1. Could you list, ordered by first residue, the pairs with Cβ atoms under 6 Å in which the first is in the range B:1-30 and farther than 30 Å from B:Ala138 by Cβ and of a type in the set (Val, Ile, Thr) and the second is modelled with pLDDT under 95 and open to solvent by less than 70 Å² (accessible area, probe 1.4 Å), at least 6 apart or interchain?
2. Give the residue, chosen from A:Pro281, A:Pro198, A:Pro277, that is more than 13 Å from chain B (Cβ to nearest Cβ) and either in a loop (DSSP other than H, G, I, E, B) or at pLDDT below 95 (or both).
3. Confirm whether A:Leu13 is open to solvent by 30 Å² or more (accessible area, probe 1.4 Å) and either more than 14 Å from chain B (Cβ to nearest Cβ) or among the hydrophobic types (A, V, I, L, M, F, W, C) (or both).
4. Return the residue satisfying two criteria in turn: it lies in the range A:209-258 and is part of a helix (DSSP H, G or I), over 23 Å from the mean Cα position of the chain (by Cα) and free of Cβ contacts under 8 Å to residues at least 40 places away in the same chain, and of such residues it is farthest from A:Val137 (Cα to Cα).
5. Within the range B:233-276, work out how many residues are open to solvent by 30 Å² or more (accessible area, probe 1.4 Å) and under 30 Å from B:Gln130 (Cβ atoms).
6. Does the range A:55-65 include one or more residues that are among the β-branched types (Val, Ile, Thr), within 26 Å of A:Tyr120 (Cα to Cα), free of Cβ contacts under 8 Å to residues at least 60 places away in the same chain and surrounded by fewer than 22 Cβ atoms within 10 Å (Cβ to Cβ)?
7. Pick from the range B:75-127 the residues that are of a type in the set (Lys, Arg) and either open to solvent by less than 30 Å² (accessible area, probe 1.4 Å) or within 10 Å of chain A (Cβ to nearest Cβ) (or both): which of them is farthest from B:Asp262 (Cα to Cα)?
8. So, of the residues in the range A:128-140 that are outside any strand (DSSP E or B) and closer than 19 Å to A:Ile226 by Cα, which turns out to be most open to solvent (accessible area, probe 1.4 Å)?
Protein chains: 2
Amino acid sequence: LSTNDGSGERQQLMLTLAYDGRRFSGSQRQGSRRTVQAELERAIGALWEAEAGTVFAGRTDQGVHATGQVASTADLRPDLDGRTVRKALNVRLPADCAVTRVERRSAGFHARYDATWREYRYRVWTGPRQPLIEGLVAQRERPLDVDAMRAAAGLLVGTHDFAAFAGGGEGVPWSERQREPRGTVRTMFRSGVRTLSPWWGEAAGGTLIEIGVAADGFLPRMVRTIAGVLFEIGRGERPVEWMRELLVGRDRRLAGQTAPADGLILWRVGYPGDAMPGSDPDAQVGQ
Amino acid sequence: LSTNDGSGERQQLMLTLAYDGRRFSGSQRQGSRRTVQAELERAIGALWEAEAGTVFAGRTDQGVHATGQVASTADLRPDLDGRTVRKALNVRLPADCAVTRVERRSAGFHARYDATWREYRYRVWTGPRQPLIEGLVAQRERPLDVDAMRAAAGLLVGTHDFAAFAGGGEGVPWSERQREPRGTVRTMFRSGVRTLSPWWGEAAGGTLIEIGVAADGFLPRMVRTIAGVLFEIGRGERPVEWMRELLVGRDRRLAGQTAPADGLILWRVGYPGDAMPGSDPDAQVGQ
């Protein structure tokens with residue numbers, strides 16, 4: 001088979017993945033647990049009839065969803081077009097995980113190392129409990145001050161030491177961030193808060209709020225910690241300035257509670273040449 | 001207890017309900033099966049510490065969702081405010097069903113007989129399979145011609161004999177419609193098709209289509225039969241004019257396949273004084 005791009009190595013497939021995180025023990029392979037990577041590698045292996053390795057652009061925890069996760073894997077079947085590969089993988093994947101796009105990349109492509117930014121969105125509904133978004137959007141009845149949250153979120157834009165927002169909770173070792181060669185400094189390209197029209201009908205007494213963040217990288221649990229901080233500010237328990245104090249203080253113990261996983265979505269991963277996510281707070285859902 | 005409105009009878013509670021229809025055997029009580037009515041009456045009974053009867057505005061089949069179902073029940077606790085009743089019921093209801101609003105009505109109020117219109121929405125995504133909407137939006141990869149569907153849907157507005165769109169499928173006896181005193185004639189106030197921005201991110205190669213219908217009443221499976229007809233027209237297998245032929249022919253056997261339950265949502269129920277649903281196809285989601 002001439003399965004190469006002229007360099008003597010196999011081309012890579014870039015797979016865009018969407019999943020409902022509720023029944024996965026996160027994205028990354030962990031022994032025999034049900035993870036997105038394990039399911040994907042099983043599906044690719046069945047299609048290639050060979051063992052398949054994958055690299056994921058971002059790590060997501062249990063209960064965290066994705067609409068734009070990216071995985072790369074060696075392309076063992078350059079004779080198949082992308083649509084055929086997508087459909088063949090989807091019939092082999094469970095209902096809560098799907099490949100939404102398949103593109104070919106050069107042999108050197110690496111989903112994680114080549115990514116230049118990641119975008120996450122965190123959604124919370126403040127209103128009467130809504131069964132149609134159960135597990136897919138965080139829900140809490142107490143209203144939140146969107147303007148205060150937006151002002152605080154804006155303080156994160158730029159290059160900062162995000163040590164105050166790293167780790168926390170069980171299962172994520174505190175030492176994770178020390179393994180990162182660049183420590184806890186990241187560049188946040190976008191950090192905003194907006195309201196969306198609820199897609200499930202009557203908005204009786206509630207507001208759908210979306211926190212959107214895009215950065216060159218995120219520390220473990222960073223988005224959920226930011227969301228937890230924004231909730232405290234939104235409830236009026238802390239002033240907007242608290243966000244700046246946390247950035248300066250660089251102490252995770254000060255940042256309070258991590259927001260629950262169900263509101264979090266890995267939205268998109270950017271590669272060289274992709275347009276950076278806009279920060280227009282009035283943009284419509286899905287744009 | 002002075003639990004009456006002066007007429008000597010108990011006031012009624014009007015409960016707005018939302019549910020995820022997937023794990024319910026429909027809305028209406030059916031022996032020991034898990035239905036929305038059974039769960040609601042159990043919750044009310046536990047709260048009142050007395051047996052509770054309810055009336056539902058609309059009947060929904062297994063797998064059909066609701067954001068604006070309405071139920072009425074006698075108010076045995078006029079000392080509690082609506083918010084307290086709502087919260088007390090929600091802690092007693094399962095996660096896939098919730099009361100989103102509680103209002104008081106006079107003793108004569110009847111959720112079904114007093115309703116002047118019902119609005120349903122049917123949603124279908126034509127694109128790569130999306131796990132985050134699995135079971136909540138119908139999914140099919142083949143594209144649909146939205147303009148043709150919209151033209152055909154518009155033909156339903158007005159007072160017509162909808163016999164061609166009644167019943168079908170197992171479990172709904174053909175005789176259902178004969179029990180209706182007014183036969184199969186209904187007045188359709190609104191019937192439209194529009195596209196929505198997908199709320200789950202990247203719209204890679206797909207379109208989110210919503211069929212919206214509002215009428216003074218619907219025959220069993222009528223919305224799903226209309227959706228099935230619109231899909232055939234949208235796929236180009238039938239001309240727009242077929243819709244008119246079906247209305248005139250009044251024969252259910254001609255209308256083809258019933259669309260699956262997962263795309264259907266009982267959106268709202270209208271009572272005297274409520275504004276009729278608008279027909280603006282450019283309106284945003286949730287409005």
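1. So the pair list comes out as B:Thr3/B:Pro78.
2. Details: A:Pro198 fails: more than 13 Å from chain B (Cβ to nearest Cβ); A:Pro277 fails: more than 13 Å from chain B (Cβ to nearest Cβ).
A:Pro281 is the lone residue from the list that is more than 13 Å from chain B (Cβ to nearest Cβ) and either in a loop (DSSP other than H, G, I, E, B) or at pLDDT below 95 (or both).
3. Details: open to solvent by 30 Å² or more (accessible area, probe 1.4 Å): no; either more than 14 Å from chain B (Cβ to nearest Cβ) or among the hydrophobic types (A, V, I, L, M, F, W, C) (or both): yes.
Against the criterion (open to solvent by 30 Å² or more (accessible area, probe 1.4 Å) and either more than 14 Å from chain B (Cβ to nearest Cβ) or among the hydrophobic types (A, V, I, L, M, F, W, C) (or both)), A:Leu13 does not qualify.
4. A:Val248
5. Our first condition is that a residue be open to solvent by 30 Å² or more (accessible area, probe 1.4 Å); within the range B:233-276, this holds for B:235-241, B:244-245, B:248-251, B:253-254, B:256-258, B:260, B:262, B:268, B:272-276.
In the following step, the residues that additionally are under 30 Å from B:Gln130 (Cβ atoms) were identified as B:235-238, B:240, B:256-258, B:260, B:262, B:268.
So the count comes out to 11.
6. At the first step, the residues of the range A:55-65 found to be among the β-branched types (Val, Ile, Thr) are A:55, A:60, A:64.
When the remaining residues are screened for being within 26 Å of A:Tyr120 (Cα to Cα), the result is A:55, A:60, A:64.
Subsequent filtering for residues that are free of Cβ contacts under 8 Å to residues at least 60 places away in the same chain retains A:55.
Of the ones still in play, those that are also surrounded by fewer than 22 Cβ atoms within 10 Å (Cβ to Cβ) are A:55.
Looking for residues that are among the β-branched types (Val, Ile, Thr), within 26 Å of A:Tyr120 (Cα to Cα), free of Cβ contacts under 8 Å to residues at least 60 places away in the same chain and surrounded by fewer than 22 Cβ atoms within 10 Å (Cβ to Cβ), one finds at least one in the range A:55-65, hence yes.
7. To start, the set of residues in the range B:75-127 that are of a type in the set (Lys, Arg) comprises B:77, B:83, B:86-87, B:92, B:101, B:104-105, B:112, B:118, B:121, B:123.
Of the ones still in play, those that are also either open to solvent by less than 30 Å² (accessible area, probe 1.4 Å) or within 10 Å of chain A (Cβ to nearest Cβ) (or both) are B:83, B:86-87, B:101, B:118, B:121, B:123.
On the way: B:Arg83: 30, B:Arg86: 27, B:Lys87: 28, B:Arg101: 24, B:Arg118: 18, B:Arg121: 11, B:Arg123: 9 Å.
So the residue we want is B:Arg83.
8. Start the filter on the range A:128-140 by keeping residues that are outside any strand (DSSP E or B), which leaves A:128-137, A:140.
Applying the additional criterion that residues be closer than 19 Å to A:Ile226 by Cα yields A:136-137, A:140.
Numbers: A:Leu136: 25, A:Val137: 2, A:Arg140: 71 Å².
So, considering only residues that are outside any strand (DSSP E or B) and closer than 19 Å to A:Ile226 by Cα, the one most open to solvent (accessible area, probe 1.4 Å) is A:Arg140.
The values are calculated or read from the model by the stated rules, or taken from the named source; none is laboratory data. Worth saying up front: this structure is predicted, and the values here are computed from it rather than measured. Positions of Cβ are generated from backbone atoms using ideal geometry, with glycine treated the same way; all protein chains shown enter the neighbour counts. Areas reflect the complete protein model, heavy atoms only, side chains present, ligands, DNA and RNA absent. Shrake-Rupley method; radii C 1.70, N 1.55, O 1.52, S 1.80 Å.
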